[in-house]
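Below is one structure, written out as structure tokens, with a few remarks after it.
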Amino acid sequence: MSRLDSFIRRMQAQRSCLNHAADLVRGLPGHALEFGLGNGRTYDHLRSLLPERSIYVFDRQINAHPDCIPPDDLTFLGDFRETLPQAIARLGAASVLLHADCGTGDDAANRALADALTPSFVELAKSGAVLIADREINAAEFDALPLPADVAPGRYFMYRRV
């Protein structure tokens, strides 16, 4: 499989998981969190899925398409490990949807980052919240959810906060 084919499969899996997660949290009050703004595609998709919710975004810097830049008051800029304590203090456990797509091509670094961020995900997610991630999350507070039928196991991951 080419890198282009792999990218397309990842984007399709991401979209399917986001769509499914939005349905799962439809009646649950709270806001959404996007970890890794990138060029803003996922943030833009979340805005269309969850127009009534505040969507807080985390990234090192803004490199998004101009139409996909979140408002300053919904943006946490800087290293996740530095901005997450601020977010926890400000937002508490009021998030119903968390999307973490902040990996790179370095699997070891990605695993270490996922492990470092997981305790913050636990603190930010309210009971019943859905976490969608590009990496496996290991925390007793999150139960694995079945993936949408069109998503291959291991391509993306979904969890519910217990």
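Which of the residues that make up region 39-56 are surrounded by fewer than 16 Cβ atoms within 10 Å (Cβ to Cβ) and either small (Gly, Ala, Ser) or in contact (Cβ under 8 Å) with a residue 60 or more places away in the chain (or both)?
Selection gives Ser48 alone.
Would you check if Arg26 is over 20 Å from Arg135 (Cα atoms) and of a type in the set (Lys, Arg)?
Judged against the criteria, Arg26 is a match.
Which one of the conditions (1) part of a loop (DSSP other than H, G, I, E, B); (2) in contact with a strand residue (DSSP E or B) (Cβ under 8 Å, 6 or more places away or on another chain); (3) of a type in the set (Asp, Glu) does Asp150 fail to meet, given that it meets all the rest?
(2)
Can you find even one residue in region 57-74 that is surrounded by fewer than 16 Cβ atoms within 10 Å (Cβ to Cβ), in a helix (DSSP H, G or I) and among the aliphatic types (A, V, I, L, M)?
Looking for residues that are surrounded by fewer than 16 Cβ atoms within 10 Å (Cβ to Cβ), in a helix (DSSP H, G or I) and among the aliphatic types (A, V, I, L, M), one finds at least one in region 57-74, hence yes.
Among the residues of region 5-18, is any under 26 Å from Pro71 (Cα atoms), of a type in the set (A, V, I, L, M, F, W, C) and within 13 Å of the chain's Cα centre (by Cα)?
There is at least one residue in region 5-18 that is under 26 Å from Pro71 (Cα atoms), of a type in the set (A, V, I, L, M, F, W, C) and within 13 Å of the chain's Cα centre (by Cα).
Say whether the condition of being out of contact with any Gly (no Cβ under 6 Å at 6 or more places or on another chain), in a loop (DSSP other than H, G, I, E, B) and modelled with pLDDT of 95 or more is met by at least one residue in region 9-24.
No; the residues of region 9-24 include none that is out of contact with any Gly (no Cβ under 6 Å at 6 or more places or on another chain), in a loop (DSSP other than H, G, I, E, B) and modelled with pLDDT of 95 or more.
Residues to consider are Phe142, Phe121, Phe80; find the one that is crowded, with 17+ Cβ neighbours inside 10 Å, within 12 Å of Leu37 (Cβ to Cβ) and either among the hydrophobic types (A, V, I, L, M, F, W, C) or touching a helix residue (DSSP H, G or I) at 6+ places or on another chain (Cβ under 7 Å) (or both).
On inspection, the qualifying residue turns out to be Phe80.
Where residues in region 88-109 are out of contact with any Phe, Trp or Tyr (no Cβ under 9 Å at 6 or more places or on another chain) and part of a strand (DSSP E or B), which of them is nearest to Pro29 (Cα to Cα)?
Val96
For the subset of region 39-77 comprising residues that are touching a helix residue (DSSP H, G or I) at 6+ places or on another chain (Cβ under 8 Å) and of a type in the set (Asp, Glu), which member is nearest to Leu124 (Cα to Cα)?
Out of the qualifying residues, it is Asp44.
Name the residue, out of Ala112, Ala139, that is assigned to a loop (DSSP other than H, G, I, E, B), farther than 22 Å from Leu49 by Cα and either polar (S, T, N, Q) or without any contact (Cβ under 8 Å) to a residue 24 or more places away in the chain (or both).
Exactly one residue qualifies, and that residue is Ala139.
The values are calculated or read from the model by the stated rules, or taken from the named source; none is laboratory data. Note that the structure is a prediction, hence the values are computed from the model and not measured. Glycine gets a Cβ as well: all are built from the backbone with ideal geometry, and neighbour counts include every protein chain shown.
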